[in-house]
1. Return yes when residue 137 is modelled with pLDDT of 95 or more, buried (at least 16 other Cβ atoms within 10 Å of the Cβ) and either over 16 Å from residue 27 (Cβ atoms) or under 16 Å from the mean Cα position of the chain (by Cα) (or both) and no when it is not.
2. Can you confirm whether region 85-101 contains a residue that is touching a helix residue (DSSP H, G or I) at 6+ places or on another chain (Cβ under 7 Å) and at pLDDT below 95?
3. Working only within region 202-222, note down all residues that are modelled with pLDDT of 95 or more and under 29 Å from residue 67 (Cα atoms).
4. Any residue in region 190-202 that's in contact (Cβ under 8 Å) with a residue 24 or more places away in the chain and on the phi < 0 side of the Ramachandran plot: show its pairings with residues that are crowded, with 16+ Cβ neighbours inside 10 Å and part of a loop (DSSP other than H, G, I, E, B) at Cβ separation under 9 Å, as long as the two are six or more apart or on different chains.
5. Which numbered condition trips up residue 213, out of (1) in contact with a strand residue (DSSP E or B) (Cβ under 6 Å, 6 or more places away or on another chain); (2) under 18 Å from residue 57 (Cα atoms); (3) in a helix (DSSP H, G or I)?
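The values are calculated or read from the model by the stated rules, or taken from the named source; none is laboratory data. None of the values given here were measured: they were computed from a predicted structure. Counting neighbours? That spans all protein chains shown, and the Cβs are built from the backbone with ideal geometry, glycine included.
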């Protein structure tokens with residue numbers, strides 16, 4: 001039986017992203033406390049520096065999705081699993097059953113800020129801890145905004161092809177384990193396209209990287 005081919009070539013994108021100060025403060029654990037003028041100036045200057053220095057990149061690709069029901073689980077229960085055709089990626093668990101039920105295709109995506117934020121942290125966190133923490137939060141916000149930009153590209157493509165995309169879902173959330181990371185990154189050739197690798201604990205390097213998936217459902221079937 002021939003291996004199914006991806007439904008799109010590998011799509012790539014890149015672009016500077018402006019960190020939102022409100023989100024940076026949220027990542028820093030800010031709880032609506034008053035911010036003195038000196039700290040506000042540091043926040044704004046650090047956000048501007050991060051926006052100028054960090055240029056995130058992303059890739060995404062669409063694959064056929066096959067659903068298999070009645071798969072034996074623990075005890076006497078059965079469940080559903082989803083096979084991403086043309087890859088070694090298999091998805092199961094309640095979160096995937098809810099997200100992907102009725103989907104005929106799936107988008108895999110990866111985003112990274114590259115090694116710059118990690119190197120900046122190593123250079124500065126001991127001598128300039130406050131600025132380093134702020135810069136780190138800016139990098140988190142930037143990679144999330146880049147994921148939103150990739151998401152917008154995917155939504156536009158999906159609508160043009162008669163699909164409706166689900167929300168994006170990342171490994172490590174709900175019951176989607178980090179153990180799917182190797183197959184997901186391999187499907188995107190992420191080591192070569194984005195320089196993303198995994199530690200033995202399945203954490204991504206560079207650290208300011210995101211992977212996610214989205215189900216695609218034909219609009220006629222909604």
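1. no
2. No; the residues of region 85-101 include none that is touching a helix residue (DSSP H, G or I) at 6+ places or on another chain (Cβ under 7 Å) and at pLDDT below 95.
3. 202, 203, 204, 209, 210, 211, 212, 213, 214, 215, 216, 217
4. So the pair list comes out as 190/196; 194/114; 194/188; 194/206; 196/188; 196/206.
5. For residue 213, the exception is condition (3).
Yes or no, residue by residue, for (1) surrounded by fewer than 17 Cβ atoms within 10 Å (Cβ to Cβ); (2) over 30 Å from residue 47 (Cβ atoms):
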| site | (1), (2) |
| --- | --- |
| 110 | no, no |
| 120 | no, no |
| 132 | no, no |
| 144 | no, no |
| 166 | no, yes |
| 195 | yes, no |
